[in-house]
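The values are calculated or read from the model by the stated rules, or taken from the named source; none is laboratory data. Because the structure is predicted, anything quoted here is derived from the model rather than measured. FYI the Cβ positions are ideal-geometry reconstructions off the backbone, even for glycines, and counts take in every protein chain you see. Areas reflect the complete protein model, heavy atoms only, side chains present, ligands, DNA and RNA absent. Shrake-Rupley method; radii C 1.70, N 1.55, O 1.52, S 1.80 Å.
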Amino acid sequence: MGLPNIHAIRKSFQAMRSLCTSPSDQASWLSALENTRWLQNISALLKSAVLVVDAVDRKHRPVVVHCSDGWDRTPQIVALAQLIMDPYYRTLNGFKVLIEREWLDFGHKFADRCGHGLDADDPNERCPVFLQFLDCVHQLLLQFPCVFEFNESFLVKLVHHTYSCLFGTFLCNSSRERHLYRVNRRSFSVWSFLRPSRKRFCNLLYAHRDHVRLALPLLLILKCVCSTNLCG
C-alpha cells in the first residue's frame, strides 16, 4: 500500500507540530501545511482502510493485513476498517473494545512509541502511530458527524492521556508486560474517566442506526481531509 514507515511519520508529525505553534496568518502557512505531508499520510491511511473494506464488504474476499512488524500500520488499518464497516465500534463501548483488542491485546508498543517506558530512550523508536489513527477517526467524525456516539473532546482527551501516564491503560509494550508489572492493580483505567455517563464526551448529533457503513461515501470524499487540532 506504500504507507510510510515510523521515521517518515515522526518527521511529518514534528513538522506539523512546529507549524501549529507558528502564526497562522502568514502567507505561506497552507503551503507549509502541505509540506509537512501529515494530511497526505492521513489520507493514504484512510484509503488503505477503504481498500480493505471494499475487499471484505463488497467483494466478500478474505484479507490478511500485515506490515513489517505487525504492531504499527497493521492495527491502524484493521481498526479503521472495522470502524467503517461496523457501527458498534462507533459507540463509546465499541470503540473501547476496538482499542483494547487491536491495539492493546495485539501488542502495539505504546511504551516505545510514546517514549514513556523504563527503557524507552531510543528516539528512533518514537512515533505517534496511535495519534495518527485517532486523527483518522477524527476525520471520519468530521465527515460523518451523526454516526459516532463520541465527540471530538473524547478523542482529544484520549490523545492527551495516551501520553500523560496518569492511567495505566497505555503503559508498557504488551499485555504480558502490563500483567508482569501488575499495571491493572497499581493504576486506574482511562476508560473509567472516559465512561459513557460523562455527557461531555457524547456526540449530541449521534443518531443510532444499525448497519450503517461509511465505505461507499468515503470513497468519494477522501480528498476532503482537513487539518485537525488533535496534535496541537
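For segment 1-127, what is the accessible area per residue in Å², given a 1.4 Å probe and the full set of protein chains?
Working: 6500 Å² over 127 residues.
On a per-residue basis, segment 1-127 sits at 51 Å².
Of all the Cα-Cα pairs you can form in the chain, what percent are over 21 Å apart?
Above the 21 Å cut-off, the chain has 57 percent of its Cα pairs.
So what is the relative contact order for the chain, in percent, with contacts set as C-alpha pairs under 8 Å and at least six apart?
25
For segment 1-63 and segment 76-134, what is the separation of their C-alpha centers, rounded to whole Å?
16
For segment 157-196, what is the largest minus smallest coordinate of the Cα atoms on each principal axis, given in angstrom and ordered from greatest to least?
Between the extreme Cα coordinates on each principal axis of segment 157-196 lie 28, 17, 13 Å.
Go through 107-113, 20-26 and give me the packing order, highest mean Cβ count within 10 Å leading.
Packing order, densest peptide first, comes out as 107-113, 20-26.
Could you work out the helix-only [θ] at 222 nm for the chain, with each DSSP H run of four or more residues adding -39,500 (n - 2.57) and the total divided by the number of residues, to the nearest 500 deg cm²/dmol?
It lands at -14000 deg cm²/dmol.
Can you tell me the order of 179-188, 72-81 when each peptide is scored by its average per-residue count of other Cβ atoms within 10 angstrom, highest first?
Going by the mean number of other Cβ atoms within 10 Å, highest first, we get 72-81, 179-188.
Percent of Cα-Cα pairs per 5 Å bin, from 0 to the last occupied bin, for segment 1-97, please list those.
P(r) over segment 1-97, rounded to whole percents: 2, 12, 18, 17, 16, 14, 11, 6, 3, 1.
Which shape class applies to segment 60-112: rounded if a/c is under 1.5, otherwise prolate when a/b exceeds b/c and oblate if not, where a ≥ b ≥ c are the square roots of the Cα gyration tensor eigenvalues?
Oblate.
With respect to the cross-link table entries Lys11/Lys96; Lys47/Lys96; Lys96/Lys199, which display a Cα-Cα separation exceeding 21 Å?
Going by Cα-Cα distance, Lys11/Lys96; Lys47/Lys96 fall outside the 21 Å limit.
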